[in-house]
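Okay, so here's the structure we're looking at.
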Amino acid sequence: MEAKRRAGERAVEFVEDGMAVGLGTGSTAHWVVEGIGRRVREEGLRVRCVPTSRRTEEHARSLGIPLVTFAEVRRLDLAIDGADEIGPGLALIKGGGGALLREKLVARAASRFVVVADEGKLVGRLGKFPLPVEVVPFAWETTAERVARAAGAEPVPRRAEGGEFYLTDNGNLILDCRCGEIADPERMERELKLITGVVECGLFVGMADVAVVATDDAARVVERRD
């Protein structure tokens, strides 16, 4: 918990007055929202923020962070979000919190995308964490069969606490795929997105510009090298 807090608070230093900022979802992004809220209150920081989930929206509102939609801003100066895994070249697996589609839309709209994580999220190759794939509910069974062939893994529909299907904020299902090591994340992302019924997948390749990686004692900044 301390490493996540440290990473989030360090990432908040990238936020400058007047920026439009994308706010991520998850346990590390939580601390980013907390830090921005504190700067708004204590420093009078002027920002306009786009949240990636209803949960983040509620959290930001409770802290008095000004929120906007893409009807009001077309581009973001910065997006800050967590990750479930960070691989070579800052390739990511995201979506453990169920917000992968909105997270990718926000990251794509940002001039700079900063990912925050504790050091345990760094991996030599992506794939230990199950890859989330968001699919439309209609005919999800046939979509899952095609996803299985593309991912080389049996997709498991994510379940909510009561045992029913987990639904994203967009009303879709998530298939969690235990792929094992992903040799070519870019190719897998491309192949999954070509499947009819797939809305988005949790591979974020070539998107993160900077990673703030922390332990309980320190945080470091890692720049992507193309």
Among what's in segment 65-80 and is part of a loop (DSSP other than H, G, I, E, B) and within 18 Å of Gly8 (Cα to Cα), pick the residue that is nearest to the chain's Cα centre (by Cα).
Asp77
With respect to Arg102, determine if the residue is in the same structural domain as Ala11 (by TED's automatic domain parsing), loosely packed, with under 15 Cβ neighbours inside 10 Å and under 30 Å from Arg48 (Cβ atoms).
no
Yes/no for Glu191 being among the acidic types (Asp, Glu) and touching a Gly at 6+ places or on another chain (Cβ under 8 Å):
no
Quick one: in segment 198-223, which of the residues that are among the acidic types (Asp, Glu) and outside any loop (DSSP other than H, G, I, E, B) is nearest to Arg146 (Cα to Cα)?
Glu200
Top-ranked residue in segment 52-64 [being more than 16 Å from the chain's Cα centre (by Cα) and not in a helix (DSSP H, G or I); ranked as surrounded by the fewest Cβ atoms within 10 Å (Cβ to Cβ)]
Gly64
Residues that are assigned to a helix (DSSP H, G or I) and either surrounded by fewer than 21 Cβ atoms within 10 Å (Cβ to Cβ) or touching a helix residue (DSSP H, G or I) at 6+ places or on another chain (Cβ under 7 Å) (or both), drawn from segment 9-28:
Glu9, Ala11, Val12, Glu13, Phe14
I'm trying to understand the selection: among the residues of segment 131-168, which are loosely packed, with under 13 Cβ neighbours inside 10 Å and aliphatic (A, V, I, L, M)?
Ala139, Ala160
Unique residue being of a type outside the set (Gly, Ala, Ser), modelled with pLDDT of 95 or more and under 18 Å from Thr52 (Cβ atoms) when the list is Val147, Val133, Val213, Val156
Val133
Qualifying residue in segment 152-171 (condition: in contact (Cβ under 8 Å) with a residue 40 or more places away in the chain, assigned to a loop (DSSP other than H, G, I, E, B), out of contact with any Gly (no Cβ under 6 Å at 6 or more places or on another chain) and under 30 Å from Phe14 (Cα atoms)):
yes
All positions within segment 105-128 that are among the hydrophobic types (A, V, I, L, M, F, W, C) and under 14 Å from the mean Cα position of the chain (by Cα)
Leu105, Val106, Ala107, Ala109, Ala110, Phe113, Val114, Val115, Val116, Ala117
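The values are calculated or read from the model by the stated rules, or taken from the named source; none is laboratory data. All values derive from a computational prediction rather than experimental measurement. Backbone-built Cβ (ideal geometry, glycine too); neighbour counts: all protein chains shown.
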